[in-house]
1. Determine, for each peptide in 71-80, 233-242, 201-210, 151-160, the mean count of other beta carbons within 10 angstrom over its residues, then list the peptides with the highest first.
2. Determine the gain in length on full extension of the stretch Val16-Gln98; use 0.36 nm per residue of separation and subtract their C-alpha separation, reporting nm with one decimal.
3. Kindly report the accessible area of the chain per residue (heavy atoms of protein chains, probe 1.4 Å, no ligands, DNA or RNA), in Å².
4. What does the convex hull of the Cα atoms come to per residue for the range 145-193, in Å³?
5. Can you give the helix-only mean residue ellipticity at 222 nm for the chain, where every DSSP H stretch with n ≥ 4 adds -39500 (n - 2.57) and the sum goes over all residues, rounded to the nearest 500 deg cm²/dmol?
6. Given a 1.4 Å probe and the protein chains all in place, what does the accessible area of Ser89 round to, in Å² to the nearest 10?
7. Ordering Val45, Val16 by how much accessible area each has at a 1.4 Å probe, largest first, what is the list?
8. Pulled fully out, how much extra length does the chain show between Val66 and Trp91, if you take 0.36 nm times their separation in residues and subtract their Cα-Cα distance?
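The values are calculated or read from the model by the stated rules, or taken from the named source; none is laboratory data. What you see is a predicted model, and the numbers here were worked out from it, not measured in a lab. FYI the Cβ positions are ideal-geometry reconstructions off the backbone, even for glycines, and counts take in every protein chain you see. Surface areas here come from the heavy atoms of the whole protein model, side chains and all, with no ligands, DNA or RNA. Shrake-Rupley method; radii C 1.70, N 1.55, O 1.52, S 1.80 Å.
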Amino acid sequence: MAQSARERARPRLPRVPALAVLAHHLVGYRRTWRAGIFSSFLLPVLTVLGFGVGVGSYIDQGIDGVSYLDWIVPGLIASTALQTAVSESTWPVFGNFQWVRTYFAQSAAPLRVGDILGGHLAFVVFRVVTTVAAFLLVTALFGALRSPWALAALPATALLGLAVAAPTFAYASVVSVDSWLAMLLRFAVIPMTLFAGVFFPVESLPLALRWLAYATPLWHGVDLCRAAALGVAPQWSVAGHLLYLAAWAVGGWLLARRAFRRRLVV
């Protein structure tokens, strides 16, 4: 009877065990969210003022018939989603393997590799969506959203965040020192942000660089967000964008699950 009482008192995993992992990250975030709430609203304000208003004042004719502020805001929304996804998928993942070793503790519990990976990825998507929601609120106050379809940027950036986070999980789980994470930012994230259509049209690039920009997941997210915010059709089909981002997410998931399994399963 005493054993039965202990079993009843022991917390049980939900039917979807990845939710327990998500809850773990949310509990941790509940203690730290105040540190980032100021930057979540300050960064969009400074970005909109610096690029949209400041640089935009020198571009009289606008781009594609709209003001530079209205044109650049959707690109900034997509790049914010990218940067949030990468920041939550590099050092946190590396640290869970090398420093705090949280993944090993979770693996010792009745959790599978897919549960650990899926729960953490779900938290990253949560962070992306909440950050983008704050950005949308700030830019709406500036009157930089021309269409109610701008709300469609939330699911679009969620998929973009997953497409970026999944392969980054795989990368962060196999590197041996954290200096490789800084190299990822320097040689992948920053060039992608500069040349994937956030600040100027990709069509102004040379042909070779243009196709490199098209190959990045960020450009597809930018095109989706820009079409939603401006209420126009995207350059590519919506289905094509979604399928391409989904392919990145699925491929990244498979690579990350393989890398996690090698580290966690003896």
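1. 71-80, 151-160, 233-242, 201-210
2. The Val16-Gln98 span can extend by a further 26.8 nm.
3. Dividing the accessible area of the chain by its residue count gives 52 Å².
4. Given the Cα convex hull of the range 145-193, per-residue volume reads 81 Å³.
5. -22500 deg cm²/dmol
6. 0
7. Largest accessible area first, the list is Val16, Val45.
8. 5.1 nm
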